[in-house]
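This report refers to the structure that appears directly beneath it.
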Amino acid sequence: MPNTVIVAIVVAAVLLALLIASMKVVREYERLVVFRLGRLRGALGPGLVFMLPFLDRSVRVDLRVVTLTIPPQEVITRDNVTARVNAVVMFKVADPVRSIMAVENHAVATSQFAQTTLRSVVGRADLDTLLAHRADLNEDLYQSIAHQAVPWGVDVDVVEIKDVEIPEMMQRAMARQAEAERERRAKVISAHGELEASEELRDAAKTLSEAPAALQLRYLQTLLELGADQNSTVVFPLPMDIVGPLMGALNRFSSGADPAPETPPTRTPPNGHSIAVVDDRAEGRAR
């Protein structure tokens, strides 16, 4: 009788151990791909899964999004510029069975194919496209990697170029190019400003020529503006319609007679067609 009890206890312990070994707890974001004697049973889970000890083998597959960083790749762009480019790929397993049956390691396969595709896509673009139109390159990378990963049961969500490193010499050349471009824009804007200012001055001259009183008021306003700066000497331009006849008369007089002794010029009150030269210091000394 004691031997029977011992055997029963041993058998119960073995059965309990086998029962515990046959139970697997699968989390919500995981699946178990089970093989019984080498034959596929399928993906099981989530929850409590029972398996036959020593007969079933399982592979645990994570269904969460995996962030894969592509290491920097040495690439040569279409315009023969060497650059180091790295990227990031976000993917998840959509079909656990195919991720086990179709490829040995879907993460490594995705990483290697992403590196190859990155070098190929960047090599077909020039440097300006790589720096300014990165979204188009990201779309090309995404289409290529996502299409290749479908047979592996992998769903690619995002492919983004993270960083682009170019040689220091090229950086200096780009800085000089940007400076020259901005200087060109500044000159063009200044030229447009001069053109618009000349058009406005032309219109103003036409308006002033129609009203002599307006020219006189403008003359007085100029006097006020120059006097506000406390200048000692003020010079005003003389209209050419007055200078021309005056110079002609002087030439005729000098050709017909001896030059008269030079007399100091007299100051006349300012009007719309005259010149006034005032030297405050000289006037003070004369007083």
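Are any residues in region 164-173 more than 16 Å from Asn86 (Cβ to Cβ) and open to solvent by 70 Å² or more (accessible area, probe 1.4 Å), and if so, which ones?
Glu168, Met169, Gln171, Arg172 - these are the residues of region 164-173 that are more than 16 Å from Asn86 (Cβ to Cβ) and open to solvent by 70 Å² or more (accessible area, probe 1.4 Å).
Please work out which residue is farthest from the chain's Cα centre (by Cα), limiting yourself to region 64-107 and to residues that are closer than 29 Å to Ala125 by Cα and open to solvent by 80 Å² or more (accessible area, probe 1.4 Å).
Here the answer is Thr67.
In region 116-163, which residues are closer than 16 Å to Thr67 by Cα, open to solvent by 30 Å² or more (accessible area, probe 1.4 Å) and at pLDDT 90 or above?
Tyr142, Asp155, Asp157, Val158, Glu160
For (1) of a type in the set (Phe, Trp, Tyr); (2) closer than 19 Å to Thr116 by Cβ; (3) without any contact (Cβ under 8 Å) to a residue 40 or more places away in the chain, each residue gets a yes or a no:
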residue	(1), (2), (3)
Ala132	no, no, yes
Leu141	no, yes, no
Ala149	no, yes, no
Asp155	no, no, no
Val159	no, yes, no
Met170	no, no, no
Ala178	no, no, yes
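Yes or no: Leu195 under 59 Å from the mean Cα position of the chain (by Cα), at pLDDT 80 or above and open to solvent by 60 Å² or more (accessible area, probe 1.4 Å)? Walk me through it before giving the result.
Numbers: under 59 Å from the mean Cα position of the chain (by Cα): yes; at pLDDT 80 or above: yes; open to solvent by 60 Å² or more (accessible area, probe 1.4 Å): yes.
So Leu195 fits the description; yes.
Kindly list the number of the only condition in (1) surrounded by 14 or more Cβ atoms within 10 Å (Cβ to Cβ); (2) more than 46 Å from the chain's Cα centre (by Cα) that fails for Val25.
Failing condition for Val25: (1).
The values are calculated or read from the model by the stated rules, or taken from the named source; none is laboratory data. Predicted model, so just to flag it, every value in this text is computed and none were measured. Here Cβ is always computed from backbone atoms with ideal geometry, including for glycine, and neighbour counts include all displayed protein chains. We work out accessible area using only protein heavy atoms, side chains counted, and drop any ligands, DNA or RNA first. Shrake-Rupley method; radii C 1.70, N 1.55, O 1.52, S 1.80 Å.
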